[in-house]
Each structure stands twice: as structure tokens, then as C-alpha cells.
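Okay, so here's the structure we're looking at.
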Amino acid sequence: MVIAEAGVNHLGRMDYAEKLIASAKRAGADMIKFQTYKAARLTTRNAPRFWNWEGEHDKEGSQYDSYSILDSFGKEEHRRLKEMCDAHGIEFLSTPFDNEAVDMLVEIGVNGFKIASCDINNIPFLEYVASKGLPILLSTGASSMEDIRRAVEVIHSRGNDQVCVMHCTLCYPTEPKDANLRAVLKLQEAFPDKLIGFSDHTLGTVVASASVLYGVRAIEKHYTFDKTLPDSADHWLSLDEADLARLVADVRTLEAALGTGGKAVLDCERPARSFARRSLVAARDLPKGSVLEAEDVVCKRPGTGIPPTRLDEFVGKTLARDVVADALFETGDFGE
């Protein structure tokens, strides 16, 4: 599953929101995710920013200053987002940041929730989200295994076991050296009954695509239809439609390439098995009655005759008929 994380890259404009939805669908995403918050319920007015983006309106401002210019969508706007997603045939999802947002999303018919990494220790909020009984994608950026286990246990304590644990490194952007894809294996070991996903903040698509090879089942990437748009720090580090289409194509290729894990002869290999392998071939003209010696045999293609693995069975046997040079031996060529 590929999730286009649109967040608030709609910039409070419904026409931008529809561009995000339509282009994500064209690119092949399974789901598009928004963020649902009000700045006043998310942060104090003086909380320092934890990012450095030169496009801020107020260079010395706070988190509140950044979030407050992007929190204009209310219930009706979210209802419209859901309707547009339905119309374009792509799943709608959002990350709520407070109980009111959770209730609103349930009311408009959301089928699940994403929990941001920053709320992994927000126990009352986790309990409230879990109580709705809907699937949860749980991001784990800046978290220890203890943090993650506690969050999963809290969700379970409310009778909800529908959790996809999302590996994440909470740096914007994340350097490949910090992506730590092998952590996916630790999460699989710790949560063998859970789907494991990857919320990726590296630039480009290589790291996200590679995560499929570690067993990741859901990939989330920040998404925009125009990386040069203002107001949101997410635009410049997001994928655009062409990037997302490449990610989706690569993910589908890698998913197919994983196969079953078993090792057996595939149907596509049968011609090569028959014609590229070797058979026992007469090294010279051999008259009827000759006792076959190892020097009388060479191994050549095609592999439609007696395989080289059976050479010892026929050395020392008497030929029941003439065999010309370069002919494949047949089992009927030998007497008792």
C-alpha cells in the first residue's frame, strides 16, 4: 500500500486539495492522507519550531505561527475531501491531533486513522483513538522500542488490535544513513502479528522502494503537486506526481519480485532447463557392442537426453546399437 501524505499541502484551498487527490490517484497511490488539527489545540503560542525552513512568513516565529496559517479546514471541508476521494477512487485518510478531530473524522466516515510520531506517548489520545475500533497506522519516529510497545499495549487495552506499526525517522529530510531500514526487522520480531509499514522522510524514492525488500507492507511519503508552493515546509521535500508514479511502479515491481520464497523450477525456466543444460553425447562414432568408457562421452547441450548426473550408470555398459559422434545417448542405446 502506497500512501500519499498530503498533510496540509492544500494550503486551505479546496482546488489545491482536489489537485492533490486527482494527481495522487493518477500516480497510482492507494490512499491519500491529510492532517486534521487546529493550531490552538496543538501547540502553545511560544513552542519553538523543530525545523529550519527558509520559507516561513515569520522567521523568528513559533510552531503556532506556522500551524495557524494552515488549519482553516473544518468539518465541511473534510467532508468534501472525503467526497472527492470517493469520486476519484482513492482511499481518504487523515491524521487527527485531538479528540475533536477524531470525532469529526468518524462522523464523515473515515475508515482508519494515522497517529503521528509525536503522539506515541500521548496515552489519553491513543486510548481515545483506539476506542473507535478502527485500524490505526502508528508512526514511531524518535521512539524507543519501549515507547512503541507501550503505545501498542495502550491501543490493545481498548480492545483494538488493528495496528500497523510504521517505522519512521523523524528528521526533515532524513539522510539515507539515518533511515535505518534494518529496524524494520526488529519491529517484525517484536510485533510478529502486526503489519509493518514505513513513513519515509528521505528525499526521492530509492529508500522507500527498498523498504519493500525488508517486508514493509505500507509506505507513506509526503506529497505535493508543486514543490515550489509557499506556506508549508512540506512542499520542497515532498514527492510530486512523477516521483510518486515512479515510487508506485518500483514498489509494485519489487513486490512481484519477492515471490514466494520457495526454490523450485518455474514455468518460465523450463525451456532453459531443457535446452541450456547438458546431456551425455557420443565423443566419437561408437559401434554396436562397444563397452562405454568415460572417454567416449562428452557433455553438451541440449539437456533433453541423459543428464550428466547419470554418467556413472552407463559407463561400463555395452552399446546395443551404433551411435554416431555428437549424438545424444538414449537409455535404449544400452543393453543389459
Meets criteria (closer than 26 Å to residue 185 by Cβ, assigned by TED's automatic domain parsing to the domain that holds residue 116 and assigned to a helix (DSSP H, G or I)) for residue 216: no
Scope the stretch 171-192; condition of a type in the set (A, V, I, L, M, F, W, C) and at pLDDT 95 or above; matching residues: 179, 181, 183, 184, 185, 187, 190, 191
Flag if residue 157 is loosely packed, with under 14 Cβ neighbours inside 10 Å, at pLDDT 95 or above and touching a helix residue (DSSP H, G or I) at 6+ places or on another chain (Cβ under 8 Å): yes
Helices (runs of 4 or more DSSP H) (entirely within the stretch 220-315) containing at least 3 residues that are among the charged types (D, E, K, R) and surrounded by fewer than 18 Cβ atoms within 10 Å (Cβ to Cβ): 241-258
Odd one out for residue 101 among (1) surrounded by 16 or more Cβ atoms within 10 Å (Cβ to Cβ); (2) more than 18 Å from the chain's Cα centre (by Cα); (3) free of Cβ contacts under 8 Å to residues at least 60 places away in the same chain: (3)
Test: residue in the stretch 193-205 that is over 22 Å from residue 253 (Cα atoms) and either modelled with pLDDT of 95 or more or surrounded by 15 or more Cβ atoms within 10 Å (Cβ to Cβ) (or both): yes
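Kindly establish whether residue 50 is touching a Gly at 6+ places or on another chain (Cβ under 8 Å) and not in a helix (DSSP H, G or I).
On the way: touching a Gly at 6+ places or on another chain (Cβ under 8 Å): no; not in a helix (DSSP H, G or I): yes.
No.
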Some residue of the stretch 288-300 being within 54 Å of the chain's Cα centre (by Cα) and closer than 14 Å to residue 333 by Cβ: yes
Tabulated pairs, the stretch 250-279, first under 30 Å from residue 204 (Cβ atoms), second modelled with pLDDT of 95 or more and β-branched (Val, Ile, Thr), C-beta under 7 angstrom, 6+ apart or interchain: 250/205; 251/2; 251/212; 251/219; 254/212; 255/212
Tally of residues being under 15 Å from residue 335 (Cα atoms) and hydrophobic (A, V, I, L, M, F, W, C) across the stretch 301-320: 4
Every pair of residues 6+ apart whose Cβ atoms lie under 8 Å, when the first sits in the stretch 1-29 and is farther than 20 Å from residue 116 by Cβ and β-branched (Val, Ile, Thr) while the second is modelled with pLDDT of 95 or more and in a strand (DSSP E or B): 21/6; 21/32
Qualifying residue in the stretch 8-16 (condition: assigned to a helix (DSSP H, G or I) and under 23 Å from the mean Cα position of the chain (by Cα)): no
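The values are calculated or read from the model by the stated rules, or taken from the named source; none is laboratory data. Note that the coordinates shown come from a computational prediction; the quantities given were computed from them, not determined experimentally. So basically every Cβ, Gly included, is an ideal-geometry build from the backbone, and we count neighbours across all protein chains shown.
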